[in-house]
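To start, the structure itself, in structure tokens.
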Amino acid sequence: MEDRAKRVFGDHLDRAISFAQLLADHGVERGLIGPREVERLWERHLLNSAVIAELLPQNCRVVDVGSGAGLPGVPLAIARPDLDLTLLEPMARRVAWLDEVVETLGLSSVTVVRGRAEEASVREQLSGVDVVTARAVAPLERLARWCLPLLKPGGQLVALKGESALEEMERDAEAVRRAGGSRQRAVSCGADVLEVPTTVVLVERSEPSGRRDGARRRRKDR
């Protein structure tokens, strides 16, 4: 496992090990992970989260919605310290945990915000980011409604999904479109380091309809 983790976290592997130890020591008692998850922290949680780093542009702004125990946000921040990353979480006890993790690991590029993606104050504070991530938060239809407004036009929702990915994409395609999503596709990440690669649904935020219509009118006027 260490060789695979080294390939993902590189020179920052020590931080990843420290995060895994924090979860192993305190995750169950603080209601962050189930008892069975301790033995599979690396494969199922840390590596599963961190491998999506390959999808993100350099130096981009990221919001991890419903961060909970810090997944995927903390492993992503460890693997990619160039990211400007916000962990968004509504529950006070989990916000306290995330604050402790960020301070303990010295994650200077990470900010913790308490709130929900659908709240007006959160949208005002965090809108216009490049990427929104979400793992085990909600079905795609709800994720699109909550998360797409945080993105700048052309930004991407990166939703970590399991076997249900293709089914959700088909079922929620129209709802995602109505929420402002386009170019919906599923990809796999980490096939070279994970026995079961991470399945991710990518949804791009489309241009606001008013802007597109305005552009058409301006072209027509010419």
Say each of residue 118 and residue 142 gets a label point 7 Å from the Cα, pointing the same way as Cα to Cβ; how far apart are those two points in nm?
0.8 nm
Highest GNM mean-square fluctuation, the chain, Cα pairs closer than 10 Å: which of 13, 87, 202?
13
To the nearest 500 deg cm²/dmol, what mean residue ellipticity at 222 nm is calculated for the chain from DSSP H runs of n ≥ 4 alone, each contributing -39,500 (n - 2.57), summed and divided by the residues?
-11500 deg cm²/dmol
Pick from 206, 127, 164: which residue has the top mean-square fluctuation in a GNM of the chain where Cα pairs under 10 Å get a spring?
164
Given a 1.4 angstrom probe, I'd like the percentage of the accessible area of the chain that is carbon and sulfur, rounded to a whole number.
45 percent
For residue 60, the residues 5 or more places away or on another chain with a placed amide H closer than 5 Å to its own amide H are 84
Below 8 Å, C-alpha to C-alpha, sequence gap of six or more: please give me the relative contact order for the stretch 1-160 in percent.
20 percent
Determine the percent antiparallel among the DSSP beta bridges restricted to the chain, to the nearest 5.
40 percent
List residues of the stretch 1-15, by number, whose backbone nitrogen lies under 16 Å from a label position 7 Å along Cα→C-beta of residue 195.
1-5
Mean-square fluctuation check for the chain, GNM, Cα pairs under 10 Å: which of 147, 189, 60 is largest?
60
Between the stretch 1-70 and the stretch 91-162, how far is it from one alpha carbon centroid to the other, in angstrom?
16 Å
What is the set of long-range amide H partners of residue 28 at a cut-off below 5 Å, with H atoms built 1.01 Å from backbone N?
33
Apply 1/(1 + (r/R0)^6) to the Cβ-Cβ distance of residue 3 and residue 163, taking R0 = 30 Å, and write down the FRET efficiency to the nearest 0.05.
0.65
With +1 on the Cβ of every Lys and Arg and -1 on the Cβ of every Asp and Glu, and nothing else charged, how large is the dipole of the stretch 81-222 about its Cα centre, in debye rounded to the nearest 20?
1140 debye
With labels modelled as points extended 7 Å from the Cα through the Cβ direction, what inter-label distance (nm, one decimal) is found for residue 82 paired with residue 109?
0.8 nm
Short version: ³J(HN,Hα) in whole Hz for each residue of the stretch 100-116, in order, from phi by Karplus 6.51 cos²θ - 1.76 cosθ + 1.60 (θ = phi - 60°), x for Gly and Pro, what are they?
5, 4, 4, 5, 4, 8, x, 8, 5, 8, 10, 10, 10, 10, 8, x, 10
Just to check I understand the Karplus step: with θ = phi - 60° and J = 6.51 cos²θ - 1.76 cosθ + 1.60, what whole-Hz values come out for the stretch 150-164, glycine and proline as x?
6, 8, 6, x, x, x, 10, 7, 10, 9, 6, 10, x, 5, 7
Less than 13 Å Cβ to Cβ from residue 188, Lys/Arg counted +1 and Asp/Glu -1: what total charge do the surrounding residues give?
-2
Say the dipole of the stretch 95-171 comes from +1 at the beta carbon of Lys and Arg and -1 at that of Asp and Glu; which of 159, 117, 96 then lies farthest toward its positive end?
117
Placing +1 on each Lys and Arg Cβ and -1 on each Asp and Glu Cβ in the chain, then taking the dipole about the Cα centre, the residue among 175, 108, 140 whose Cα reaches farthest towards the positive end is 175
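Given a 1.4 Å probe, how much area per residue of the chain is accessible, in Å²?
Here the residues of the chain average 51 Å² of exposed surface.
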For the stretch 74-198, shape from the Cα gyration tensor axes a ≥ b ≥ c, cut at a/c of 1.5 then a/b versus b/c, turns out oblate
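Is the C-alpha gyration tensor of the chain telling us rounded, prolate or oblate? Criteria: a/c under 1.5 is rounded; beyond that, a/b larger than b/c is prolate, otherwise oblate.
prolate
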With DSSP loop assignment and no more than 10 other C-beta atoms within 10 Å, the GluC sites (Glu not before Pro) in the stretch 127-195 are 163, 195
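When Lys and Arg each count +1 and Asp and Glu each count -1, what net charge do the other residues less than 13 Å away from residue 204, Cβ to Cβ, add up to?
On the way: positive: 152, 177, 183, 185, 205; negative: 130, 207.
Residues close to residue 204 contribute a combined charge of +3.
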Cβ-defined net charge surrounding residue 105, 12 Å radius [Lys, Arg +1; Asp, Glu -1]
-3
Give the shape of the stretch 1-68 as rounded, prolate or oblate, defined through the alpha-carbon gyration tensor: a ≥ b ≥ c are the square roots of its eigenvalues, a/c under 1.5 means rounded, and otherwise the shape is prolate if a/b is larger than b/c and oblate if not.
oblate
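The values are calculated or read from the model by the stated rules, or taken from the named source; none is laboratory data. Fair warning: this is a prediction, and the values are worked out from it, not measured in the lab. Using ideal geometry, Cβ is built from the backbone for each residue, glycine included, and neighbour counts are taken over all protein chains shown. Accessible surface areas use protein heavy atoms only, side chains included; no ligands, DNA or RNA. Shrake-Rupley method; radii C 1.70, N 1.55, O 1.52, S 1.80 Å.
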